[in-house]
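Written out below as structure tokens is the structure these notes cover.
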Amino acid sequence: FFFWQNHHHGDDEMKKRAGNISHLPTNMTPSRGNDNVLPVALILVSLFALTSAQTASAQNTHFFPEHGAAQNTKYCDVPRYQTPLAPEAFDNRCLVRAATLNDDEIEWLAQAYAPYLFFHPLEPYTMSSINHTFNNPKRGQIYMHNYLFDNDLHQESLLASTRDNNYVIHGDHFHIEHELSQNYMEGDGFDREGLSKAQIYYNFFVSEDNTITFNYYLWFPLSGPASLGLITSVNGTNQYIPFQQPPYGTKEGDWESLSVRTCATQLENPTQQQEGQEEGVENVTQAQDNTTEDQIPQIPLTVTYRPREGESALVLDCTKGQCTFFRDSTTHPVGFVALGSHEIYPSSVNEMVYSEVPKLDFLVNLQAVLVVHRTAYADGDGGYRYFAPNAKPSNVLRLPNQNDVPEKVDESDYWVSFGGRFGRIDELDVSIVGNLPTCLDNETATSTVGCPTETENRVFTFLMQMLKVYPPKSSFIEASSIVYEYLLSRYTAVAKGPFGPAASPHYERLSNPKNAPIWEHLEARNLSTGDEFCRYLVDRIPDTVRFPIDVEPIPLLKHAAFVTVMILSFVAFNIFLVLVLRRRFLREPVLQVDNSGNYKAPTRAKKRGIFSYALCFTIAYAFAVAAAAVFTVGYTLMSDIPLVGDTDRLGLEAIDIFTFVFGILGFISDTCLLVLTWLVASETWLAVQRKYHLLVDDIDAVGRHQWDNFHTRYWRIGRATFKISLPRQSRGLHAVMFSLTFVSFFISVVMVATAVYRVGAAYVFGHACRASVGSFTGICLKLPWYEEIYCGRQFQEFCLQWSEQRMLLQLWGGFALVISHYYLLTFASMSAFAAQHIQRTLDLYPDKAPAKRITANERMDEQVHET
């Protein structure tokens, strides 16, 4: 396209310019001393100047609206990346001596550099002349701090409200309000040929490096709703929904601006070139009475666009070929006015992505919600609506100098010195702008279509509920909407009217380049162009397809009742142990005697009684191991538990490590205590055996029940040798292991508390996931403590984890751990108590049986036998 443009238009342009070379000013006469040198020099200089101008013009883009959207409009882009202008950027570009320009020359230059502006085919709120706002004072009021200052829009009140006697404008706490009739809000509109009926305004100031800057201002009585775009991916199919959403972005009054910076010495060294003609429009470069028709200014140095005043500024360097001019012109920049918001851009784009609304990190992620500016200009038939600068009568009006107000200007121009807001500072009533979305055709964004239904796109319906356009279906959505409404209001500049030209920061000062907010997102994703970002939006949007959640939630009440029954059952079991087992064992003597007074040998029943506590401890140990296995199967790392914040002193990973390390230590201590419990029981049984054989005077049997060869071990540490007898040391070790088991009991309590939390959170969040979010099949779920966004199958798995039986394994595994450790401590303590009781009882017995009492007859028999 650009090759075709330069190839077909370059030759004609060069012929036109070459034809004007011989047309020299009449006051330039050749010197008689060298009649041939001066004409040749002038021709060479002129050729050099024209060649330079032609080269610079060829570098910049020329816009031909009749070529249509197919060649002139992109589908997706972002504002041009801005780099700071170097201080020496325009050194030697302009003559050192500044030109002295009179008012006629200024007006002529302002006409020559005035922009051509193209509007979106769907724009309902068009540009207007500012005098239409003040021509009937009865239709408006002036306010100060929301209190009525003047019941009418008298311009004397405007002047008195915000400007002092030193011509200083202040008092931004003033604002005006106009009657918002439909005819007023729609602006001046267009004629049958698509030309705007409105006027634009300009001021100028001498800027740096011997340059002059023209600021052009556009007035709109109303700023339309924000242009948004929603990107979704459902069932693997990406969908983009362009729409406008009132009341966001709507406000009374809208000043937009565009600036052209050029050399201040143009008229002293005019370049001769011919401007293109626009059918039905006066030649905007037609000279005024005191200027010549050949004095056509050169290409400007920069053209500045200001989408969202104060937030970004596009400063295009025309000397580097960054500007776009109307047709064959080299002075008239082109501006494309965005739908609704009226921001001006140098290019026509269906979806100019200005910023991305931050993700709502409160349970729900809306994938990608974009704030866009739609600058397409051609309708479906190729027609377009535009503003063209006109010299006679002029539609490019100069703003009076502040020093001339009020002495040298008419009262109808006093508004120039008003420093307040040109519109309401509160949100517009819904009855004026509505609140229903307007969806656009996804192909061209220049025609309206019906918005998708809930069946067609659930994400869009969910967004409408969050914005309260549709009634929220749950309190969860209503709570989320509070945050999201704030974000969207912030990113679409809702409510407050604008300040006027004189109060703008660029009124007499150059604007510095400033990037649009979208570049923060591009830089964060290592993207460098708008094309990369547009592809990223399509390629990286997660799929939202998921299947219905059919798993039943955890029956919390049922398990709570079962826990109550379990506690009562174990209380009864404890009573049984205390009243039956312990008392039955303590009532029986350690050693029994027969009717003749002889000691009976310890029976198997006595042995079972001594080892019964060790056996019960073993059963409780096996129960604890099984409970630990169940808990481990159902355990989820604390760092993976949602709704648990990390602390500065102890991270969640440390809690996991703590749980596992002490769980292993508890298992080791339980195992050691099991061995020592059996050793204590064995030692107790051996002590009973030894005591019996001592009483019956069976010394050999006493030696057999010492077991020294099995229990005695010698330990060598360096040169020292230690002799340890396990039966003698087992009681001390038993006490140590008992204390460790007591610690493991408290660890198990922590584990069961974790399990109770998990099942409680599973019940609460599972119900929230099913009831609040689960009713939408086309959304993504996000938690602030998670980097992942749960969509599609991942979303389903996330919701299912709150309803899995694995959560019950944690609960009952934790309860079983606590109960088993309780009985481990119980039987370990009872075993130690029984061993102490038996040992003390055995200590009451003599070391040997007392001598038998001999009767008189038995003694006589012994004497006879001895005899």
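The values are calculated or read from the model by the stated rules, or taken from the named source; none is laboratory data. Everything numeric here is computed off the predicted structure, so don't read it as measured data. Positions of Cβ are generated from backbone atoms using ideal geometry, with glycine treated the same way; all protein chains shown enter the neighbour counts. Surface accessibility is based on the protein's heavy atoms, side chains included, excluding ligands, DNA and RNA. Shrake-Rupley method; radii C 1.70, N 1.55, O 1.52, S 1.80 Å.
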Using the Karplus equation 6.51 cos²θ - 1.76 cosθ + 1.60 (θ = phi - 60°), what ³J(HN,Hα) coupling, rounded to whole Hz, does each residue of the stretch 450-456 give in order, writing x for Gly and Pro? x, 6, x, 7, 5, 5, 6
On each of the three principal axes the extent of the alpha-carbon atoms of the stretch 169-225, given in whole Å and largest first, is 46, 40, 19
Can you check how the C-alpha radius of gyration of the stretch 386-467 compares to 2.2 N^0.38 Å, as a plain ratio? 1.93
For the stretch 101-151 and the stretch 396-442, what is the separation of their Cα centres, given in Å? 6
Within the accessible area of the stretch 372-417 (1.4 Å probe), percent carbon and sulfur: 43
Among 403-409, 514-520, 324-330, how do they line up from the highest to the lowest mean number of other beta-carbon atoms within 10 Å? 324-330, 514-520, 403-409
Protection proxy ranking, peptides 204-212, 160-168, average beta carbon neighbours within 10 Å, highest first: 204-212, 160-168
When ranked by the protection proxy of mean other Cβ atoms within 10 Å per residue, highest first, what sequence do the peptides 561-572, 184-195, 453-464, 372-383 form? 372-383, 453-464, 184-195, 561-572
In whole Hz and in residue order, list the ³J(HN,Hα) couplings for the stretch 323-333 that follow from phi through the Karplus curve 6.51 cos²θ - 1.76 cosθ + 1.60, θ = phi - 60°; x for Gly and Pro. 8, 10, 10, 6, 6, 7, 5, 10, 10, 8, x
Would you kindly derive the ³J(HN,Hα) couplings of the stretch 598-611 from the backbone phi angles with the Karplus curve 6.51 cos²θ - 1.76 cosθ + 1.60 (θ = phi - 60°), listing them in order in whole Hz, with x for Gly and Pro? 8, 6, 8, 5, x, 8, 5, 4, 5, 5, 5, x, 5, 8
Beyond 22 Å between alpha-carbons counts as too far, so tell me which of K197/K392; K320/K514; K74/K468; K74/K197; K251/K468 fall in that bin. K74/K468; K74/K197
